[in-house]
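The structure appears below as C-alpha cells.
All of the numbers you see were taken from the coordinates with simple rules; none came from a lab. It should be emphasised that the depicted structure is a prediction, and the values quoted were computed from it without experimental measurement. Reconstructed Cβ throughout: ideal geometry from the backbone, glycine too, with neighbour counts over all protein chains shown.
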Amino acid sequence: METLFRVIGKDKKENTETFQTASQILREGGLVAFPTETVYGLGGNALDKQASLKIYAAKGRPSDNPLIIHIADIKELNELCVDIPRTAYLLAEKFWPGPLTLVMKKHKKVPYTTTGGLDTVAVRMPNHPTALRLIKKSGILIAAPSANLSGRPSPTSAAHVLQDLNGRIDMIIGDGEGDIGIESTIVDLTCKIPMILRPGYITKEMLSEVLGQVLIDPAVEQGKQCVEKPRAPGMKYRHYAPKGEMVLVEGADERAVVNKINSLVRDKRLQGVKTGILATERTKGSYRADYVISVGNREDEHVISSRLFDVLRSFDDLGVAYIVSESFPRRNVGYAIMNRLSKAAGGRIININEKKENDDDSNRM
Ligand code: TXA
Ligand code: MG
C-alpha cells in the first residue's frame with residue numbers, strides 16, 4: 001500500500017486539499033495518522049467495525065486492547081456513551097480540549113471491535129487544531145490509538161510515524177511535534193471513585209480539584225510486570241519500549257547515581273555491547289558511553305515529557321543495545337514520566353538508596 005504524506009503548512013489551499021483528501025479516506029473506511037497535542041494518532045472511523053480491525057492490523061496490536069475515540073464537540077458524547085455522570089461534564093469543562101481521556105459506559109452504536117470487547121468506551125477531545133479540523137471536516141468520530149507499531153515508543157513527530165507505518169496505512173498528516181509528548185491521562189468514571197488508569201500531563205492533583213477523591217489503578221503503581229489485571233488493557237503490554245535492553249537507576253544522591261550508571265555501562269562496554277545513557281543537562285558531561293543523550297533540564301518536567309519518546313527512539317536508530325537512564329521525582333508530570341520509563345525498562349529499576357539501607361542492615365547484624 002502506498003502511504004500519502006502531506007504536511008500542514010502556510011498554503012491555505014493546499015491545507016484545504018489535505019483535509020479533504022484525509023476526510024474522504026476516513027469516510028471510506030481508510031486510515032489516516034494525524035497529530036495531537038500528546039502524540040500522533042492513527043485514525044479510523046470509530047463506528048465502523050472494519051476500520052477498527054484495520055487499525056489493529058496496521059499497528060500489529062492485540063485486538064483486546066481498546067481504542068480511544070476522538071471528538072471535536074462535547075455533544076458527541078451522547079452518541080458514544082450512556083449514563084454519562086455529571087463528573088464527565090465537570091472534567092470536560094475544565095480540561096477539554098486537552099490530554100484527558102474519560103472512560104464511560106458505551107452506547108450500543110460503538111462496536112466491540114473498537115472497545116476491545118468491553119462495555120465501556122474511552123473518549124477524549126484533543127487540543128490540536130489539525131486534529132479538531134480533521135474530526136469536524138470528516139464528520140465522523142475518529143478512533144485513534146498512538147500511531148506507532150505496537151510495543152514501540154509512541155510517535156511525537158511525523159518522522160516517527162513514517163518510520164513505523166509507512167506502507168501500512170493510507171495517509172499521514174504531518175504538523176509539528178506533540179508539545180506534551182506523552183499520551184493522555186486516562187480516568188475511569190465507571191468506578192465508584194474515579195480511577196486513573198494511565199497517568200499523564202493532567203495529574204492526580206489536578207483531577208482531585210474537580211473530583212475530590214481520585215484513586216490510581218494498582219496496576220499502574222506496580223509499574224513492572226502486572227500482577228493485578230489492569231483496567232486499561234493496554235497497560236499490561238510491554239509498551240514504550242526501545243529495542244535495546246534498558247535499566248533505570250534511582251537514588252537521592254546525584255553523584256552516586258552518575259557513578260552507578262557509569263559502572264553499569266563500563267561493564268557492558270567491556271563485553272563489546274553498544275551503550276547509551278539517557279542523561280540530563282547537568283550530568284551529561286559526567287558520563288562515558290557510546291552515546292549520551294540529554295532529555296533536558298531535570299527541573300523542567302514538561303521538556304522531559306515532550307522529548308522522552310524521541311530520545312528512546314534515537315537509541316534504537318543508533319543501534320544501542322544497552323541503555324541506562326536516570327530517574328525523575330515521581331511527582332506531578334514526573335509520575336507519568338517514571339511510569340513510561342519503567343515500562344520501557346520492563347520494570348528494571350536499580351535503587352541505590354534501598355541498596356544502601358540493606359547494606360546498613362547487614363552491617364548491623
Ligand atoms: O494521548 C493519547 O491518548 C493518544 C492520542 C493519539 O490521543 N492515544 C493513545 O491511544 O495513547 P492508545 O491506543 O495508544 O492507548 C489507549 C489506552 C490503552 O492503554 C487502552 O487499554 C486504554 O487506553 N483504553 C481504551 N479504552 C478503554 C476502556 N474502555 N477501558 C479501559 N481502558 C481503555
Ligand atoms: Mg499506544
Amide H within-cut-off set for ILE68, under 5 Å, with H built and near neighbours excluded: ALA144
Pulled fully out, how much extra length does the chain show between GLN271 and GLU17, if you take 0.36 nm times their separation in residues and subtract their Cα-Cα distance? 86.0 nm
If the label point sits 7 Å along Cα→Cβ of ASN166, residues of region 141-156 with amide N under 19 Å come out as 147-150, 152-156
Taking amide H positions as placed 1.01 Å from N in the peptide plane, with prolines and chain starts having none, which residues 5 or more places from ILE186, or on another chain, fall under 5 Å of its amide H? THR101, LEU197, ARG198
What do you get for trypsin sites (Lys or Arg not before Pro) in region 1-55 restricted to DSSP loop and a cutoff of at most 15 other Cβ within 10 Å of the site's Cβ? LYS10
Separation between the ASP64 and CYS191 pseudo-spin-labels, each 7 Å from Cα along Cα→Cβ, expressed in nm? 2.0 nm
Could you run the Karplus curve 6.51 cos²θ - 1.76 cosθ + 1.60 with θ = phi - 60° over region 99-114 and give me ³J(HN,Hα) per residue in whole Hz, x for Gly and Pro? x, 10, 10, 10, 9, 9, 5, 7, 6, 5, 5, 7, x, 5, 5, 5
Taking amide hydrogens as modeled 1.01 Å from N in the peptide plane, which residues meet the under 5 Å criterion relative to ASN351, leaving out close sequence neighbours? GLU250
Please give the length that would be gained between GLN24 and ARG86 if that part of the chain were fully extended, namely 0.36 nm times their separation in residues minus their C-alpha to C-alpha distance (nm, one decimal). 18.8 nm
About the Cα centre of the chain, how large is the charge dipole given +1 on each Lys and Arg Cβ and -1 on each Asp and Glu Cβ? Please answer in debye to the nearest 20. 560 debye
For region 247-258, in order, what is each residue's ³J(HN,Hα) by Karplus, 6.51 cos²θ - 1.76 cosθ + 1.60 with θ = phi - 60°, in whole Hz (x at glycine and Pro)? 9, 9, 10, 10, x, 7, 9, 4, 4, 5, 5, 4
For the chain, what is the mean residue ellipticity at 222 nm derived from helices alone (per DSSP H run of n ≥ 4: -39500 (n - 2.57); sum divided by total residues; nearest 500 deg cm²/dmol)? -11000 deg cm²/dmol
Enter the angle in degrees (range 0 to 90, nearest 10) between the Cα long axis of helix 352-364 and the first principal axis of the Cα atoms of the chain, meaning the one along which they spread out most. 40 degrees
Which residues in region 297-320 place their backbone N less than 12 Å from a point set 7 Å from the Cα of GLU281 along the Cα-to-Cβ direction? 297-304
Surpassing 20 Å at the alpha-carbon level, of the pairs LYS94/LYS137; LYS49/LYS106; LYS243/LYS343; LYS106/LYS204, are LYS94/LYS137; LYS106/LYS204
From the phi angles alone, apply the Karplus equation (6.51, -1.76, 1.60; θ = phi - 60°) to region 7-24 and give each ³J(HN,Hα) in whole Hz, x where the residue is Gly or Pro. 10, 6, x, 8, 6, 4, 5, 4, 4, 4, 4, 4, 5, 5, 4, 4, 4, 5
